[in-house]
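So the structure is just underneath, and the comments pick up after that.
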Amino acid sequence: MSENRASENPDREHAVAFTLNGEAVRARVPARMHLGDLLRGAFGLTGVHLGCEHGVCGACTILVDGRAVRACLMLGVQADGTRVETVEGLTESGRIRDLQDAFHTRNALQCGYCTPGMLVTAAELLAEGEEAGDVPSRDVIRAAISGNYCRCTGYHAIVDAVAVTAQARHAARREVAE
Amino acid sequence: MSAEMGGLTFLDRPNSYIGRSVPRPNARRLLEGRGVYVDDVAVARLGHVAYLRSPHAHARILSLETAEAKAMPGVIAVVTGPELAAICTPWVGVLGHFKGLRSAPQHALAIDRVTWVGEPFCAVVARSRAEAEDALAAIAVAFEPLPAVADMETALDPDTPAIHADLGDNLAFERVLDVGEVDAAFRDAAVVVEETFGFGRHTGVCLEPRAILADWAAADGMLTVHHSFQAPHMMQDILCKHLALPEGAVRVICKDVGGSFGIKVHIYPDEMATCALALMLKRPVKFVADRLESFQSDIHARDHRVSARMAFSAEGDILAIDMDDLTGIGPYSVYPRTSAVEANQVVNLTGGPYKHQHYRARARVVLQNKAPTCQYRAVGHPIATMVAEGLVDLGAEKLGLDPFGIRERNVIPDDAYPCAGASGIKLEKLSHQAALAKLKQMMDYDALRAEQATLRERGIHRGIGLAAFIEITNPSAAFYGVGGARISSQDGCTIRLDPQGGIVASVSVTEQGQGTEGIIAQIVATATGVPMDKVRVISGDTQTTPYGGGTWASRGAGIGGEAAWQAGKALRANVVAVAGAILQADPASLDVREGAVVDMQTGTERMPLAELGRIVYFRPDTLPPGVQPEFVATRHYVPKDYPFAFTNGVQASYVEVDVETGFVRLLRHWCVEDCGTVLNPLLVDEQIRGGIVQGIGGALFEHCLYDAQGQLLNGSMADYLVPMACEMPDIEVAHVVSATASSELGAKGAGEAGTAGAPAAIVNAINDALRPHGARVSRQPVTPDVVLEALGLI
């Protein structure tokens, strides 16, 4: 059994190269390591939180090629050639500053563990809304963030924060258009 | 409430932050992904531990072969129960004030017998968690399965084997309370209602799993423990005791904690083992529970069966309550708080809002081969509230009274305080009548009833449910200390004024997201007169904060907050004394506002704090003779006049039940709550909402399922359901304010009120919706099959 295990060697490393928060990076990653562990371990991006490692809770949500993805459900090797963004990158670029401000003002977070994943999911929803030119309703927001569990807040303030950000962005777009 | 501070109360001080919706200063860091949770702490030479856990509910360990595992790649050590017991002594989870409470010695790693699915009995430390898990698979164990005590209903039967032979049977604790003339009251009652209520096991599901990193620096003789935990000083004391270390050799640091809810305030075998392994291996060792381990080994809660009846007069007065509570707590009473507290609270709290005088309750706490249960958010409250509120609704139905009317009639009147409840609890000042009135208006009750009636004609089944409740907050030593537990009920705050006029406040209450650091900053800023953005708060470190209990039982604001208030006032007095000496002014004529010493009457600035700081710290030679500034002040606080500060509230739920599928849709939810002085409405309201949603989880979704052999059937988030955003309603929160006179701030706790009342409101609403069908539910979680069963459809 152990020989068999050795021949499969789950720790065999593979070279990957991808864009991480706007920078070109390279890493050697064991075959079995998921992307969440790679980002946390090799790159110190501890804003990627691991809550269940079953793809359910959403705490590890990141953007891969612009789409919200569970970092725990993707292997590190699969990041090769992709564009990965985490809450750290979204913060530094300023792209979600308004959303973060709204979360802060409305106390849409308590322990903060679900928060990075929640922000990433909300960012994706807001981006979709911008493309479609509409403002998501509270029900649409609730549905969109249902893959991100929060045990602290009761969700109400999170919905408030996303809604107010969507409205503000929509108003800003209209102003530009007019 | 204090009238000092220059004739102004804290509420109308010019720069008061109290009562304002101030965002939490420490939240920005969390919003940018820069929190530091235990698993984010980087340490050199780190070993990762994984535990081999029992696959059986009850079994003897016949043999354990570790040689192959020890030879696996990356493995640092494989350690068994007997090996670990050489450096970590066992514990017994009993307390002196729970007379008769029994448990058995529990080891960090089980020695020769495992007693629940998930109990750890062997450790592998390796260079990565993955390698440690690889090695776990190479350990060969021979078990002899033993009969498992799975069903609490039969745990006390004579032919059920005792889990711990030395105890003789499986009864851990029994309490009987008999007040007044219960039998006579039932005999003379016009109406008697009864029901048996079931409360499923559930657990906290903190998004950050339990985690601990123990680092033994032999050269310093110092064990530094990074812990996702609520009570660092308690952990320090217990580590000292069981690892035979002096107090100064253990430092417990709790930085960011990703949710706790009472889960992270208990002593867990795997966490104790991790610290012992660090000592044994003389290197840092980290344990982070994975989600399966969390479901298997985090404490569970509830798991009660309550049979109860309520007697009424013909006019609808509650005359008496008689109840019997049975709860299964797993194989051990959890250390050091014990697993008898929830049942004890059910006895203390059931019917607490009401003025009946006759009350009898029996609680039996039994051992079983399932995960240990212990205190989880709103300990006992949702059970007590459901029992009383369920019976009140049954009584209202039988008497033809409106649910609001029967409650208005029976609650202890707002002008009757102070008084005692039937169970003997001392109540300082509650506001049930005001809360009911506010709720009725807030939810537009009459219009909602009209809507319900209209929709019912169209075959849409909506229900309205109410739940009045009381909550235990601000516990004194009566909770644990009197029973011999070394758990601090007093807390402290140390405040330092720095040269530029900034403040550093260190507090012994801890932060797990409630906003502890935020409200401490508000209070300190208000008390000292320093702008809030110049206040830094330190918490969660046994080495740098005053000694205290931490945050649990809704005590952070009421106890830690008052310590901070008193410390702030003391520092301010010190500041004006020195300023007075420099300015040759009477200190009583000076105040500190917005970071400057000002004239009390006119508000005219006399000296900025930065100037005062410059003189005090860098030119003390220029101070008047005999002036020794003390710009550090420490104060401690513990409530002394009442064992607990009870709070009250009332919730309402509006639901729609699909009578074909059994699904329940939550439409709206309201809560009126009285936590005394509201320090920060923004934080309190979302605390209440979060508590409500956790209560909804227990009422509708969350359930740790075991089969008849004691095997855990659901161990992932995919099959243990927690509330999702799309299922939750918007929740309206309002307050009545009855400040406690025990402290100057007058703040009571608010952390558990939501969870206390939500399940009863939801279940009563479901039963209101089902009423035309002659069906009712009484078993939580009320999953669709429970509804369909009640409707006779399955």
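Computed from the coordinates by the stated procedures, all read-outs in this text should not be read as laboratory data. For clarity, every value in this text was computed on a predicted model and none was experimentally measured. Glycine also receives a Cβ, built like all others from the backbone with ideal geometry; neighbour counts cover every protein chain displayed.
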In terms of the alpha carbon gyration tensor, root eigenvalues a ≥ b ≥ c, rounded if a/c is under 1.5 and otherwise prolate when a/b exceeds b/c or oblate, the protein assembly as shown is rounded
Going through B:LYS534/B:LYS748; B:LYS99/B:LYS355; B:LYS440/B:LYS640; B:LYS426/B:LYS534; B:LYS398/B:LYS440 one by one, the pairs whose alpha carbons sit over 31 Å apart turn out to be B:LYS440/B:LYS640; B:LYS426/B:LYS534
What is the Cα radius of gyration of segment A:92-177 over 2.2 N^0.38 Å, N being its residue count? 1.02
Rounded, prolate or oblate: which fits segment A:6-86 when a ≥ b ≥ c are the square roots of the eigenvalues of the alpha-carbon gyration tensor, with rounded for a/c under 1.5 and prolate only if a/b beats b/c? oblate
Using a Cα-Cα cut-off of under 12 Å, which aspartates and glutamates could be cross-linked to B:LYS569, ignoring same-chain neighbours fewer than 8 residues away? B:GLU4, B:ASP591, B:GLU744
Karplus-derived 3J(HN,Hα) from phi for segment B:789-794 (6.51 cos²θ - 1.76 cosθ + 1.60, θ = phi - 60°), whole Hz, x at Gly and Pro, runs 5, 4, 7, x, 8, 9
What percent does the relative contact order of chain A come to when contacts are Cα pairs within less than 8 Å and at least six residues apart? 21
Those lysines that a straight Cα-Cα span of less than 18 Å connects to B:LYS438, excepting residues fewer than 8 apart in one chain: B:LYS429
Residues whose modelled amide H sits under 5 Å from the amide H of B:ASP541, counting only those 5 or more places away in sequence or on another chain, are B:CYS254
Taking amide H positions as placed in the peptide plane 1.01 Å from N, state which residues far from B:MET607 in sequence (5 or more) or on other chains have amide H under 5 Å from it. B:VAL597
Which percent, to the nearest 5, of DSSP beta bridges fully inside segment A:6-86 are antiparallel? 90
Based on DSSP, what percent of beta bridges with both residues in the protein assembly as shown are antiparallel, to the nearest 5? 80
Averaged over peptide B:724-734, how many Cβ atoms belonging to another chain are found within 10 Å of each residue's Cβ? 6
Over all directions, chain B yields a Cα convex hull whose mean projected area in nm² is 35.6
Which ³J(HN,Hα) values, rounded to whole Hz and listed in residue order, are derived for segment B:173-181 from phi using the Karplus coefficients 6.51, -1.76 and 1.60 in 6.51 cos²θ - 1.76 cosθ + 1.60 with θ = phi - 60°, glycine and proline given as x? 6, 9, 10, 10, 10, 9, 10, x, 10
Give, as a single signed number, the net charge of other residues whose beta carbon lies under 10 Å from the beta carbon of B:ALA422, with Lys and Arg counted +1 and Asp and Glu -1. +2
Calculate the mean, over all residues of peptide A:96-109, of how many other protein chain Cβ atoms lie within 10 angstrom of the residue's Cβ. 4
Number of partner chain Cβ atoms within 10 Å, mean per residue of B:38-49: 1
If you project the alpha carbons of segment B:613-729 onto the principal axes, what extent comes out on each, in Å, largest first? 86, 37, 33
Can you give the direction-averaged projected area of the convex hull of the alpha-carbon atoms in chain A, in nm²? 11.5
